[in-house]
Amino acid sequence: MRQFTALLLTLALCLAMLTGCAGTGTTGAAATSAAPDASAAPAPEASAAEESAAEDEENYNTGDAALDDPLNQDDIGEKELLVVSFGTSYNDSRRLTIGAIEQALSEQFPDWSVRRAFTSQIIIDHVKSRDGVSIDNVKEALDRAADNGVKQLVVQPTHLMNGLEYHDLVEEVSNYADAFEQVTIGEPLLLKKADFNALTEAITESTKEYDDGETAICFMGHGTEAESNGVYTVMQQTLSALGYEHYYVGTVEATPSLDDVVAAVEQGNYKRVVLQPLMVVAGDHANNDMAGDEEDSWKSVFESKGYQVECVLQGLGENEAVRQLYVAHAQAAIDSLNG
């Protein structure tokens, strides 16, 4: 228990560091992103994405589930690295994003057994019903680790932000603190100023072919009603501060909204718009809210404004530089076990 309590203090210090950076770094909104309001309504990723998973994905093929390893095996050993994701029932995207992150962690830490857990029970149930593939939820994964005699447990989330879902995970893992000799939780993708800089460089490097001065490159995040939604403002300000003036960030469920992004793009002299998700996976939101043919999709709205639109259906997990950022966070978590 002492080990886990020390971790929570470390996380609190990290939050304080990001808050302190808000006054001198690229943005003052960093403090907002780092300290979500615990009284805020639940993040919409726990509702809209889950509801659409069962309703929409039956209408088209999302890939072969057999190509993806659910990483729910026993015989774990004494050291486990549990990778926790919201999840997606888009089979190809799951393998190319979450699976690729897990593979990168496995290659970097060969002495640790990498296992998977999803936080979305609706997605877990949908994949099981449709494809016959069993994916552990967090409780099942933690029980599996305890039953297998794991002594050192590192939990590395693929969450984008330090939001309500991340805090729920910390609370759930804390209930198992006595089940292991040591347990710690890695940071989400975006917490410190260096994380925002690293993600900015990753997404601009992967899309630099489009940055011709006549193209607006727009990234679509999910958004949340919690204060952690400020990460999207921080990303926009970081892009601007680093000189990437043709890049724009918006969200499906919060602010900046699609209307905000369209208004910003219309201030420029662009002929083309490139759309890409600012999400770990390219699932329902990317395929429908961003690239769908409905009149209110991002693609349709920009086309109605006269722009040539290209959609890049790649989640952040397909980006090698992003995967290495998760590796760095997991390394820091492992190092914390050694004091």
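No lab work stands behind these numbers, since they all come straight from the coordinates. All figures in this text were calculated on a predicted structure; none of them were measured in a lab. All Cβ positions, glycine included, derive from the backbone under ideal geometry; neighbour counts span all protein chains shown.
Projecting the Cα atoms of Met220, Ser304, Thr200 onto the charge dipole of the range 193-316 (Cβ charges, centred on the Cα centre) puts Thr200 farthest toward the positive pole. When a/c is below 1.5 the answer is rounded, else prolate if a/b is larger than b/c, else oblate, so apply that to the range 255-318 with a ≥ b ≥ c taken from the square roots of the Cα gyration tensor eigenvalues. Since a/c reaches 1.5 and a/b is larger than b/c, the shape of the range 255-318 is classed as prolate. Modelled spin-label separation between Glu310 and Ser129, with each label point placed 7 Å from Cα along the Cα-to-Cβ direction: 3.9 nm.
Expressed in nm to one decimal, what extension gain is obtained for the pair Asp75 and Asn148 from 0.36 nm per residue of sequence separation less their Cα-Cα distance? Between Asp75 and Asn148, full extension yields 25.6 nm more.
Multiplying the residue separation of Lys139 and Lys271 by 0.36 nm and removing their Cα-Cα distance gives an extension gain of 42.6 nm.
Inter-part distance, the range 299-314 to the range 83-115, computed on C-alpha centroids, equals 30 Å. Neighbours of Gly99, meaning other residues whose beta-carbon lies under 12 angstrom from its beta-carbon, give a summed charge of -1 when Lys and Arg score +1 and Asp and Glu score -1. Peptide packing: for 213-220, 72-79, 273-280, 254-261, the average count of neighbouring Cβ atoms within 10 Å per residue gives the ranking 273-280, 213-220, 254-261, 72-79, highest mean first.
Beyond 32 Å in Cα-Cα separation lie the following of the pairs Lys193/Lys305; Lys139/Lys192; Lys79/Lys208: Lys193/Lys305; Lys79/Lys208. Extending 7 Å from Cα along the Cβ direction at Asp64 and again at Ser300 yields two label points whose distance is 3.4 nm. Amide H contacts of Val114 (H built 1.01 Å from N, in plane; Pro and chain starts excluded): Leu81 sit under 5 Å, all sequence-distant by 5 or more or on other chains.
How large is ³J(HN,Hα), in whole Hz, for each residue of the range 260-274 in order, when computed from phi with the Karplus curve 6.51 cos²θ - 1.76 cosθ + 1.60 and θ = phi - 60°, using x for Gly and Pro? Whole-Hz 3J(HN,Hα) from phi for the range 260-274: 5, 5, 4, 4, 5, 5, 5, 6, x, 10, 9, 9, 10, 10, 10. Sorting the segments 106-114, 80-88, 307-315 by their mean number of nearby beta carbons within 10 angstrom, highest to lowest, gives 80-88, 307-315, 106-114. Considering only Tyr244, Val261, Val281, and ranking their Cα positions along the charge dipole of the range 193-316 that arises from unit charges at the beta-carbon of Lys, Arg, Asp and Glu, the one farthest toward the positive end is Tyr244. Dipole magnitude for the range 193-316: computed about the Cα centre from +1 point charges on Lys and Arg Cβ and -1 point charges on Asp and Glu Cβ, it is near 320 debye. Peptides 282-288, 242-248 ranked from most to least packed give 282-288, 242-248, packing being the mean of other C-beta atoms within 10 angstrom over each peptide's residues. Based on Cα contacts under 8 Å between residues 6+ apart, the range 193-316 shows a relative contact order of 25 percent.
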